[in-house]
Amino acid sequence: INDQIQQMRKLLDRTIPKNISINMTCCDDLMAISGDPTQIEQIIMNIALNARDAMPDGGKLEIETTNVFLDEQFCSERTDASPGHYVLLRITDSGRGMNPEIMSHIFEPFFTTKPAGSGTGLGLSIVHGIVVNHRGFITCESSVGLGTTFRIYFPAVANSALSKITHDSVSFW
């Protein structure tokens with residue numbers, strides 16, 4: 001994932017206005033995941049574009065990766081999570097934030113808060129679908145006036161499993 005984030009930097013620098021600072025913090029020893037690099041880029045771009053729109057007067061966009069271990073207690077509160085090692089992609093903005101009513105619909109297809117002709121309402125729905133197809137899950141926290149944080153959890157691939165899978169000619173990174 002770190003390679004994809006670094007490659008996205010140039011594109012984000014051209015897409016995100018200069019009044020929004022972009023900070024990237026990538027874990028040095030990040031575990032591998034099984035994933036499609038193009039789809040990971042699509043996740044980052046969709047969330048970053050929404051963040052841009054939530055910060056018309058400028059702000060801060062932070063993208064971070066880290067390794068996490070989810071225990072049984074954490075997973076017992078989430079039906080879409082299993083205990084184990086994950087790679088966490090966290091994307092935070094200092095934008096307008098969302099109220100609970102909007103938050104309850106953000107992953108629904110065609111739901112948008114943008115004016116007519118300004119968005120399809122498919123961005124976060126697509127993000128959610130990609131994450132689920134990668135056997136991961138996504139959470140969102142937001143407060144009006146304080147910004148939004150998306151946490152995307154991808155199951156980590158153990159080194160021995162990575163070696164076997166790579167041997168079978170499947171693309172992992």
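How big is the Cα convex hull of region 52-101 in projection, averaged over all directions, in nm²?
If I average the Cα hull's projected area over directions, I get 4.9 nm².
So, with a 1.4 angstrom probe, what is the percent of accessible area on the chain that is carbon and sulfur?
51
Can you tally the net charge around residue 29? Count Lys and Arg as +1, Asp and Glu as -1, for every other residue whose Cβ sits under 15 Å from the Cβ of residue 29.
Residues close to residue 29 contribute a combined charge of -3.
Given a 10 angstrom Cα cut-off, can you work out which residue in 134, 105, 85 is the most mobile in a GNM of the chain?
105
Please arrange 18, 60 by accessible surface area, largest first, computed with a 1.4 Å probe and ligands excluded.
On the way: 18 170, 60 90 Å².
So, going from the largest accessible area down, we get 18, 60.
Eight or more residues apart or on different chains, and alpha-carbon atoms under 25 Å: count the Lys pairs in the chain matching that.
Counting lysine pairs in the chain gives 5.
The values are calculated or read from the model by the stated rules, or taken from the named source; none is laboratory data. Because the structure is a prediction, the values reported are computed rather than measured. Because the Cβ atoms are built from the backbone with ideal geometry, glycine has one as well, and the counts that use them run over all protein chains shown. Each accessible area value is taken on the protein alone, full model and side chains, heavy atoms only, with ligands, DNA and RNA left out. Shrake-Rupley method; radii C 1.70, N 1.55, O 1.52, S 1.80 Å.
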